[in-house]
Amino acid sequence: MLLLLLACVTTSSATERFSGTLEPHWWPTQPGFGEEATDKMFVGPVLRLDTPKDGLEYVMYSSGDAEKLTMTADAAACLGGRVVVEAVFVPGDSAWSGGTLTGARILSCTPAATWLPTYGETATLTGTLRRWWWFLAPGYGAEPATDAVRYGIVLLVDGRPVPLFSGSDEPSFERHRRFGCACDGQEVTVTGRWEASKNPRAVPPYKLMDVTYQKPCANPSFFRGRSVPPKSAPSGWLE
């Protein structure tokens, strides 16, 4: 009986409560970690913690185990928002964050704030660039395990994510891609045109189109995992 009680205490003490912002994220992988458009990407949800855990600003998020990152529909519905979760922290298992929350369960969700833009108007915004992805058909997050995703970039302005889209010409598209690979988490200033999303189920329901960047971010670099330092982008890479 004593051993059973000790086992119960150990199991329950492994579950902790965490709060922060639940974000979709992606990282370019080898061989160039984003230098080349053909580089593959690793995709997963992260929780940016209000209080760092073991020195980590963010951790991977999984409603299952650490081997395969999974999400429940309520977590998918709160991407970009602030959450309180219960989970078991598994340290040292992720090259991207240094740890994973496993068996994560949403206790509360505060959706991200949104804009009320006037569509067609031009806006200049300054904020934090983030790599992002969105759930697509068939469930748009209602079935996270089978729904398709679309990769992209957002600008976080006072906690409000603004999807950014380049012009349709190849030079604009490539510069946009390079900013996403080399400036994640850094401040940038962009100018673009407000447009409503063509998908009525998109969150947020707007986007900034034909985006141009005022200047390069302060430290263009490629994140290569926690075991090696970032690699600086080539000189003039974002010009």
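General observations
- So Ala112, is it closer than 24 Å to Ser62 by Cα, touching a residue at least 60 places away in the same chain (Cβ under 8 Å), crowded, with 17+ Cβ neighbours inside 10 Å and not basic (Lys, Arg): yes
- Residue in the stretch 159-205 that is farthest from Gly20 (Cα to Cα), counting only those that are within 20 Å of the chain's Cα centre (by Cα) and modelled with pLDDT under 95: Ser197
- Arg82 open to solvent by 40 Å² or more (accessible area, probe 1.4 Å) and over 21 Å from Val157 (Cα atoms): no
- Residue tally, condition out of contact with any strand residue (DSSP E or B) (no Cβ under 7 Å at 6 or more places or on another chain) and farther than 21 Å from Trp134 by Cα, over the stretch 63-109: 2
- Checking every residue in the stretch 81-99 against the condition of being on the phi > 0 side of the Ramachandran plot, in contact (Cβ under 8 Å) with a residue 12 or more places away in the chain and of a type in the set (Phe, Trp, Tyr) gives zero matches.
- Residue list for the stretch 12-60, restricted to those being closer than 17 Å to Ala104 by Cα, among the acidic types (Asp, Glu) and out of contact with any Ser or Thr (no Cβ under 9 Å at 6 or more places or on another chain): Glu16, Glu23
- Among (1) open to solvent by less than 30 Å² (accessible area, probe 1.4 Å); (2) assigned to a strand (DSSP E or B); (3) more than 24 Å from Thr212 (Cβ to Cβ) - the single one Ser97 does not satisfy: (2)
- For first residues located in the stretch 15-41 and more than 18 Å from Leu129 (Cα to Cα), partners that are open to solvent by less than 70 Å² (accessible area, probe 1.4 Å) and among the polar types (S, T, N, Q) and lie 6+ apart or on another chain with Cβ distances below 7 Å form the pairs Asp39/Thr29; Lys40/Thr29.
- Here Phe89 meets the list (1) hydrophobic (A, V, I, L, M, F, W, C); (2) more than 20 Å from Lys231 (Cα to Cα); (3) modelled with pLDDT under 95 almost entirely, failing just condition (3).
- Any hit, the stretch 206-219, residues being under 22 Å from Tyr119 (Cα atoms) and modelled with pLDDT under 95: no
- Residue match in the stretch 115-128 (condition: among the aliphatic types (A, V, I, L, M), assigned to a strand (DSSP E or B) and either more than 16 Å from Tyr206 (Cα to Cα) or open to solvent by 30 Å² or more (accessible area, probe 1.4 Å) (or both)): no
- Selected residue (criterion: farthest from the chain's Cα centre (by Cα)) from residues of the stretch 13-67 that are among the β-branched types (Val, Ile, Thr) and open to solvent by less than 40 Å² (accessible area, probe 1.4 Å): Thr29
The values are calculated or read from the model by the stated rules, or taken from the named source; none is laboratory data. Keep in mind that this is a model prediction, so the values were computed, not measured. All Cβ positions, even for glycine, are placed from backbone atoms using ideal geometry, and neighbour counts span all protein chains on display. Side chains are part of the model used for accessible areas, which takes the heavy atoms of the whole protein and leaves out ligands, DNA and RNA. Shrake-Rupley method; radii C 1.70, N 1.55, O 1.52, S 1.80 Å.
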